[in-house]
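> Pasting in a structure now, in structure tokens, and then I'll have a few things to ask.
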Amino acid sequence: MIELDDIDTDEDGALTATVELPGGRRVTVEYEYEEDFERDEDDDDLEEEDIDPEDLPDMDTMQETVQHALARLTAEVLDARERDVAEELIEVAYEDDDEEDLEEPLAALREDLTLDGVVVFGDGGITLLYVAPEEYPDMTIYCLLDEDLEVDDLMIE
């Protein structure tokens, strides 16, 4: 079972913790509660700050959800997603270049890419957060996983 360390709550009352994932990956994990809330049509303008922390699931429920989601992240899954992220980023960055010319930038990105965090949604969905300080300084790479733990969407901010 995945053991959560340094369990705390963020300013909104949602769980934050650190965890060691397979492959020695030590990351921060956050519980994202926004997806959990059922809102009325009148609540379309509701901002995240307007959500009362008392409406959050209890700490045990958040821990259970996070542990269950993280347990699905095996070393093989994490390694495969890391490769997928690097390949997709290189394909987009060098879309006009020959594939033969991509081996060096791909190797550099793979070397630089590090899993930095995981966001677990109330429904068990997962987003992996990567950093690549040399290739993408001061940016975070968000990798949303689908139900089969495949890359569903990739975004850089």
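The values are calculated or read from the model by the stated rules, or taken from the named source; none is laboratory data. All of these numbers come straight from a predicted model, not from anything done at the bench. Quick reminder, even Gly has a Cβ in these numbers, built from the backbone with ideal geometry, and neighbours come from all protein chains shown.
> Determine, yes or no, whether Val77 is of a type in the set (A, V, I, L, M, F, W, C), closer than 24 Å to Gly23 by Cα and in contact (Cβ under 8 Å) with a residue 40 or more places away in the chain.
Against the criterion (of a type in the set (A, V, I, L, M, F, W, C), closer than 24 Å to Gly23 by Cα and in contact (Cβ under 8 Å) with a residue 40 or more places away in the chain), Val77 qualifies.
> Let me ask you something else. Working only within the stretch 1-11, note down all residues that are exposed (fewer than 14 other Cβ atoms within 10 Å of the Cβ) and not in a strand (DSSP E or B).
Within the stretch 1-11, Met1, Glu3, Asp10, Glu11 qualify.
> Quick one: in the stretch 26-35, of everything that is surrounded by 13 or more Cβ atoms within 10 Å (Cβ to Cβ) and over 13 Å from the mean Cα position of the chain (by Cα), which residue is modelled with the lowest pLDDT?
The extreme case among them is Glu34.
> Would you confirm whether or not the stretch 73-84 contains a residue that is loosely packed, with under 14 Cβ neighbours inside 10 Å and in contact with a helix residue (DSSP H, G or I) (Cβ under 6 Å, 6 or more places away or on another chain)?
Looking for residues that are loosely packed, with under 14 Cβ neighbours inside 10 Å and in contact with a helix residue (DSSP H, G or I) (Cβ under 6 Å, 6 or more places away or on another chain), one finds none in the stretch 73-84, hence no.
> Among the residues of the stretch 6-30, which ones are closer than 26 Å to Leu113 by Cβ and among the small types (Gly, Ala, Ser)?
Across the stretch 6-30, the qualifying residues are Ala17, Gly23, Gly24.
> If we scan the stretch 81-89, do we find a residue that is closer than 26 Å to Glu20 by Cβ, outside any helix (DSSP H, G or I), at pLDDT 95 or above and within 14 Å of the chain's Cα centre (by Cα)?
no
> Among the residues of the stretch 13-30 satisfying the criterion of being in a loop (DSSP other than H, G, I, E, B) and touching a helix residue (DSSP H, G or I) at 6+ places or on another chain (Cβ under 6 Å), which is nearest to Thr61 (Cα to Cα)? Let's see the steps before the verdict.
Kept after step one, since they are in a loop (DSSP other than H, G, I, E, B), are these residues of the stretch 13-30: 13-14, 22-24.
Now narrow it down to the ones that are touching a helix residue (DSSP H, G or I) at 6+ places or on another chain (Cβ under 6 Å): 13, 22-23.
Values: Gly13: 13, Pro22: 23, Gly23: 26 Å.
Per the stated criteria, the residue is Gly13.
> Considering every residue within the stretch 64-78, establish whether at least one is assigned to a loop (DSSP other than H, G, I, E, B), under 22 Å from Tyr33 (Cβ atoms), modelled with pLDDT of 95 or more and of a type in the set (A, V, I, L, M, F, W, C). Outline the logic, then answer.
Filtering the stretch 64-78 down to residues assigned to a loop (DSSP other than H, G, I, E, B) leaves 72-74.
Next, only the ones that are under 22 Å from Tyr33 (Cβ atoms) stay: 72-73.
Right, trim to modelled with pLDDT of 95 or more and you get 72-73.
If we keep only those that are of a type in the set (A, V, I, L, M, F, W, C) as well, we get 73.
Within the stretch 64-78 (the criterion being assigned to a loop (DSSP other than H, G, I, E, B), under 22 Å from Tyr33 (Cβ atoms), modelled with pLDDT of 95 or more and of a type in the set (A, V, I, L, M, F, W, C)), the answer is yes, since at least one residue qualifies.
> What number of residues within the stretch 100-149 satisfy the criterion of being over 26 Å from Ala14 (Cβ atoms) and either part of a strand (DSSP E or B) or under 14 Å from the mean Cα position of the chain (by Cα) (or both)?
Residues in the stretch 100-149 being over 26 Å from Ala14 (Cβ atoms) and either part of a strand (DSSP E or B) or under 14 Å from the mean Cα position of the chain (by Cα) (or both): 4 in total.
> Write out, first by first residue and then by second, each pair whose Cβ atoms fall under 9 Å of each other, whose residues are 6+ apart or on separate chains, and whose first residue, in the stretch 54-73, is touching a residue at least 12 places away in the same chain (Cβ under 8 Å) while the second is part of a helix (DSSP H, G or I) and buried (at least 17 other Cβ atoms within 10 Å of the Cβ).
Asp55/Asp36; Leu56/Asp36; Leu56/Met62; Pro57/Asp36; Pro57/Thr65; Leu73/Arg81
> How many residues, within the stretch 135-157, are in contact with a helix residue (DSSP H, G or I) (Cβ under 6 Å, 6 or more places away or on another chain) and modelled with pLDDT of 95 or more?
Here the count works out to 4.
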